[in-house]
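Student: Got a structure for you, written out below as structure tokens; questions coming shortly.
The values are calculated or read from the model by the stated rules, or taken from the named source; none is laboratory data. Values in this document were obtained by computation on a predicted structure and should not be read as measured data. Here the Cβ is made from the backbone with ideal geometry for all residues, glycine too, and neighbour counts use every protein chain on show. For accessibility, only protein heavy atoms count, side chains too; no ligands or nucleic acids. Shrake-Rupley method; radii C 1.70, N 1.55, O 1.52, S 1.80 Å.
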Amino acid sequence: MSVHVLPPALAPWAPWLELFPAELALSLGPMVQRLAAALGPFTTPAHSGHGEPDGFSGLDRRGVYERLLPSEWLLAELAPDEFLRRAAASEHAFLRLERREPAKARTSVILFDAGPSQLGSPRLAHLAALLALARRASLGRAALAWGVLQAPDVPLVDAVTRDTIRALLARRTAVAPTAADVQSWRTCLGGQDHKDIWLIGGPTLRRLAWPGVATVELRDVLGAEPPELAADLCTAAGRTVAVRLPLPDGPTCVRLIRDPFPPDRGRPSARDRRRTRRVPATNLVIANDGSRVFAGAQGGGVIVYPVPHSAQGGVGKPKLHFPELRHSPATIGWYNRGSAALVIDPDGGAMLFYKANKSASSHESMRCHDPHCLVVPTDELRPLWFRAGLATFRDGSDTLYTFRQRPDKSTYLERQHDAPVLAAAHCEEWLAHLSFRDNGPDADFLSRWIIHSGDHRSPHFLGFERPLGAHFARDVARAWHCAVSLAPGKWQLHNDKDIHAEWTTDDRVIGLLPGHHLGDFKDHVPALVTLTSGRNFLALHRGTTRHLVSAEDPVVHATIALVTGHLAYITTRGSVVVLRPPYDAPLARFMLEDA
């Protein structure tokens, strides 16, 4: 079980959310929180009033006159008119009869619809409902049991563990629940006086449910931004509540449904391996969301490695893109559901290849050659970013360019900064870069190195000495962080917030990892990821060192995805390995066939 420091709002569900990896617990938590508020507390069923008499338990205004209080009979003798008035006004006091009823177990039963209407995002609501009702039953000191509506012959499951959650996600069927299924469950459960029964699934449940049973009907909300799921609740007492459940991003949804839990470190898996003839010949570039890894291919072109959302889903085959180009791409990226590349000619021209739209089956090209703005070839493969449909890249002279097009369809390159850019990073919210600001000899402010993170944001000032290296990261609040080295082995954290950190290390620095990827949602201080002895990846965080993963062979190059924290590395044997937080086991391993 993982141990997370959850936000205070999610802390009540910590025993169940901690079953999930940190980033998934944070994504699933808002759904659990909103559902729990709509479900309400676990209520104790009222006594039936039947059973063997067992003395008296108090006074009541109603009853038979054999149990009338002696003081009332005394009043009949002393003041008969008052006695009659009290009788007419129902003011007489009677002894209340206590009855002993058979003890019944308190149980909350959940029956999930595993039919076709519940494929996709409703399965996430099943998970959220299971966790919300588990805590609800715990507070009510009741047992919890769950089953599948379409499987009345399968015994109920009385635990919420990783294995039982996997079993719930695996119980899918192509058949919708029928009245016969519901009747079988009603017979199986018997009288529901002592049970709290919930049917969770599609829009037919309320019609199929028997009296005294609560229902939750789930349906997708088309066109909602951000994506949402509608849940219509009807309690056993007839109270109806409609709630909207916020859905996580697409990759997180897929990961939660396919396999929310990483495999054990000690359990080898063949499903994460893929043999390939493609030999990587450059460093790696990884997409911000970790869905693709790129490497220049031996003999030309770019190898595109597909990264699965789950280690259980199997690994796709690497593909060779742009093999026909005379010169190998200098920058590579992913745009409109396809690869995009920029080639730099020896004469200083640039050629951009991209898909014009998501449904395009081939690449279009744009060429720019400006004698006054010559692009310098790179000695490594660099990322290609797209902002509002415009391609941005950093060339071999560390100049940051944006590919633009005039109204007459002619193209030109626009410098994003006059001085060289030492490091840059791009995500949906910002394009940040570390560069030198030359204010000139007559300026009021001295020239210095700065971190610029947006057109309308003030730059973050560093110092006058040229940094030795820098790495960017994006935290859970979508803000930027940058680790900068101004002296050998010395690294310092910079950001727009009042968050400070320093690191000292002689190991190779791979990148910066936000704290929420380490399972601590309250601590916004990121960790510095290093590679020691060529094999061991470490996270330096708040004066402590945490071991992330060890490579089977010496590592040649490694990189970290800016948004999701995926780690990709290439070994001396040409193997490409990709992991995601918490780095328990590889998502994919691409191994050479002759290795």
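Student: Residue pairs, Cβ under 9 Å, 6 or more apart or interchain, first in region 278-289 and free of Cβ contacts under 8 Å to residues at least 24 places away in the same chain, second of a type outside the set (A, V, I, L, M, F, W, C) and assigned to a loop (DSSP other than H, G, I, E, B). List them.
Tutor: Here the result reads ALA281/GLN298; ALA281/GLY299; ALA281/SER328, each pair linking region 278-289 to a residue that is of a type outside the set (A, V, I, L, M, F, W, C) and assigned to a loop (DSSP other than H, G, I, E, B).
Student: A further question on this structure: Identify all residues within region 142-163 that are within 21 Å of LEU17 (Cβ to Cβ), out of contact with any Leu (no Cβ under 9 Å at 6 or more places or on another chain) and not hydrophobic (A, V, I, L, M, F, W, C); write none if there are none.
Tutor: Correct list: ASP163 only.
Student: Is it the case, given these coordinates, that ALA174 is of a type in the set (A, V, I, L, M, F, W, C), out of contact with any Leu (no Cβ under 7 Å at 6 or more places or on another chain) and outside any helix (DSSP H, G or I)?
Tutor: yes
Student: Tell me which residues, restricted to region 366-397, are within 24 Å of PRO280 (Cα to Cα), open to solvent by 20 Å² or more (accessible area, probe 1.4 Å), in a strand (DSSP E or B) and not charged (D, E, K, R).
Tutor: PRO383, TRP385
Student: Answer yes or no as to whether SER359 is over 26 Å from SER575 (Cα atoms) and hydroxyl-bearing (Ser, Thr, Tyr).
Tutor: yes
Student: Looking at (1) at pLDDT below 85; (2) under 25 Å from the mean Cα position of the chain (by Cα); (3) exposed (fewer than 14 other Cβ atoms within 10 Å of the Cβ), which is the only condition ALA242 fails?
Tutor: All conditions pass for ALA242, except number (1).
Student: Another question, then. Looking at ARG96, ARG136, ARG85, which is the one that is closer than 21 Å to ASP196 by Cα and either over 23 Å from the mean Cα position of the chain (by Cα) or open to solvent by 70 Å² or more (accessible area, probe 1.4 Å) (or both)?
Tutor: ARG136
Student: Something else about it: Check GLY489, GLY534, GLY515, GLY574 and return the single one that is small (Gly, Ala, Ser) and within 21 Å of ILE303 (Cβ to Cβ).
Tutor: GLY574
Student: When region 100-114 is examined, which residues are found to be part of a strand (DSSP E or B) and surrounded by 15 or more Cβ atoms within 10 Å (Cβ to Cβ)?
Tutor: Within region 100-114, THR107, SER108, VAL109, ILE110, LEU111, PHE112 meet the criteria.
Student: List the pairs whose first member sits in region 218-240 and is assigned to a strand (DSSP E or B), whose second member is β-branched (Val, Ile, Thr) and open to solvent by 60 Å² or more (accessible area, probe 1.4 Å), and whose Cβ atoms are under 6 Å apart, counting only residues at least 6 apart or on separate chains?
Tutor: CYS234/THR240
Student: Something else now. Go through region 217-239 and count every residue that is closer than 22 Å to LEU28 by Cβ, open to solvent by less than 40 Å² (accessible area, probe 1.4 Å) and more than 18 Å from the chain's Cα centre (by Cα).
Tutor: Going through region 217-239 one residue at a time, the tally reaches 8.
Student: Given the residues SER90, SER117, which is the only one that is among the hydroxyl-bearing types (Ser, Thr, Tyr), open to solvent by 50 Å² or more (accessible area, probe 1.4 Å) and in a loop (DSSP other than H, G, I, E, B)?
Tutor: Among SER90, SER117, only SER90 is among the hydroxyl-bearing types (Ser, Thr, Tyr), open to solvent by 50 Å² or more (accessible area, probe 1.4 Å) and in a loop (DSSP other than H, G, I, E, B).
Student: Could you list, in sequence order, all residues of region 343-374 that are among the charged types (D, E, K, R) and either in contact with a Leu (Cβ under 6 Å, 6 or more places away or on another chain) or farther than 19 Å from ILE332 by Cβ (or both)?
Tutor: Matches in region 343-374: ASP347, ASP370.
Student: Step by step: first the residues of region 299-315, then only those that are in a loop (DSSP other than H, G, I, E, B) and closer than 15 Å to LEU579 by Cα, then the one that is modelled with the highest pLDDT. Which residue is that?
Tutor: Taking the candidates together, the pick is VAL307.
Student: Name the residue that is surrounded by the fewest Cβ atoms within 10 Å (Cβ to Cβ), counting only residues in region 460-477 that are part of a loop (DSSP other than H, G, I, E, B) and under 31 Å from the mean Cα position of the chain (by Cα).
Tutor: Restricting to residues being part of a loop (DSSP other than H, G, I, E, B) and under 31 Å from the mean Cα position of the chain (by Cα), the top hit is ALA477.
Student: Mind listing whichever residues of region 8-22 are open to solvent by 70 Å² or more (accessible area, probe 1.4 Å) and at pLDDT below 90?
Tutor: Result: PRO8, single match.
Student: Given the criterion part of a helix (DSSP H, G or I) and either farther than 27 Å from LEU10 by Cβ or open to solvent by 10 Å² or more (accessible area, probe 1.4 Å) (or both), identify the matching residue among ARG166, ARG141.
Tutor: It is ARG166.
Student: Would you pick out the residues in region 52-78 that are out of contact with any Lys or Arg (no Cβ under 9 Å at 6 or more places or on another chain), open to solvent by less than 50 Å² (accessible area, probe 1.4 Å) and not in a helix (DSSP H, G or I)?
Tutor: GLY55, LEU68, LEU69
Student: Follow-up. Please enumerate the residues belonging to region 346-362 that are modelled with pLDDT of 90 or more and open to solvent by 20 Å² or more (accessible area, probe 1.4 Å).
Tutor: Within region 346-362, MET351, PHE353, TYR354, LYS355 meet the criteria.
Student: Tell me, which strands (runs of 3 or more DSSP E) lie completely within region 533-595 with 1 or more residues that are among the hydroxyl-bearing types (Ser, Thr, Tyr)?
Tutor: Passing ranges, in order: 544-550, 555-560, 567-571.
Student: Taking the options LEU538, LEU486, LEU528, LEU548, name whichever one is under 30 Å from HIS452 (Cα atoms), among the aliphatic types (A, V, I, L, M) and open to solvent by less than 20 Å² (accessible area, probe 1.4 Å).
Tutor: The match here is LEU528.
Student: Moving to a separate point now. Which residues, counting only those in region 23-46, are open to solvent by 10 Å² or more (accessible area, probe 1.4 Å) and within 14 Å of the chain's Cα centre (by Cα)?
Tutor: Those that are open to solvent by 10 Å² or more (accessible area, probe 1.4 Å) and within 14 Å of the chain's Cα centre (by Cα): GLU23, LEU26, SER27, PRO30.
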